[in-house]
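Working notes, beginning with the structure itself.
The values are calculated or read from the model by the stated rules, or taken from the named source; none is laboratory data. Because the structure is a prediction, the values reported are computed rather than measured. When we count neighbours, we look across all protein chains shown, and the Cβ atoms used for this are built from the backbone with ideal geometry, even at glycine.
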Ligand SMILES: CC(C)(COP(=O)(O)OP(=O)(O)OC[C@H]1O[C@@H](n2cnc3c(N)ncnc32)[C@H](O)[C@@H]1OP(=O)(O)O)[C@@H](O)C(=O)NCCC(=O)NCCS
């Protein structure tokens, strides 16, 4: 399997939105994705395996702070280290552009994602109560680059 990572452009918003719908209960819309990708502080990639888009990581980087907003791998592609590859690419990009810290929020129930972040050195800063839909708590996590 040949994996290729690319900087997404506006035409990739539809592809990312389709993956969102398979990976999240409350997916970002195509419009939200186009807006995220179009930001001047955008940081992230879309990933292809043998030409098929299977995942992405979206975030921002402004001066010393980066924020990881979304990371997803299609169900059929999970458990093969691709999420780690995407996260590593985000961390490299952010660092190259001058970030010193990366922040993210994750649902307390999202064990796969929390384990992935911990495996890359993210630590829990605090719990944000009822952060999601006024129901579920979020862990705010941070990693120094
Ligand atoms: C989180 C996600 C991106 C991981 O993708 P992935 O390609 O399966 O991840 P990897 O194969 O690279 O696994 C990396 C590490 O994550 C952890 N992990 C992955 N899946 C896991 C699971 N089901 N349970 C526990 N830990 C898991 C492990 O630490 C794993 O490392 P290991 O294989 O050396 O033990 C994927 O599950 C996903 O798209 N989830 C839905 C979207 C989402 O919740 N995104 C995060 C919130 S923005």
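Key figures for this structure:
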quantity: Filter result for residue 13 (more than 19 Å from residue 83 (Cβ to Cβ) and buried (at least 19 other Cβ atoms within 10 Å of the Cβ)); calculated: yes
quantity: Residue among 108, 102, 127 that alone is buried (at least 17 other Cβ atoms within 10 Å of the Cβ) and either touching a helix residue (DSSP H, G or I) at 6+ places or on another chain (Cβ under 6 Å) or farther than 17 Å from residue 54 by Cα (or both); calculated: 102
quantity: Close pairs (8 angstrom Cβ cut-off, 6 or more residues apart or separate chains): more than 24 Å from residue 127 (Cα to Cα) in the range 90-111, within 11 Å of the ligand (Cβ to nearest atom) and at pLDDT 95 or above anywhere; calculated: 94/59
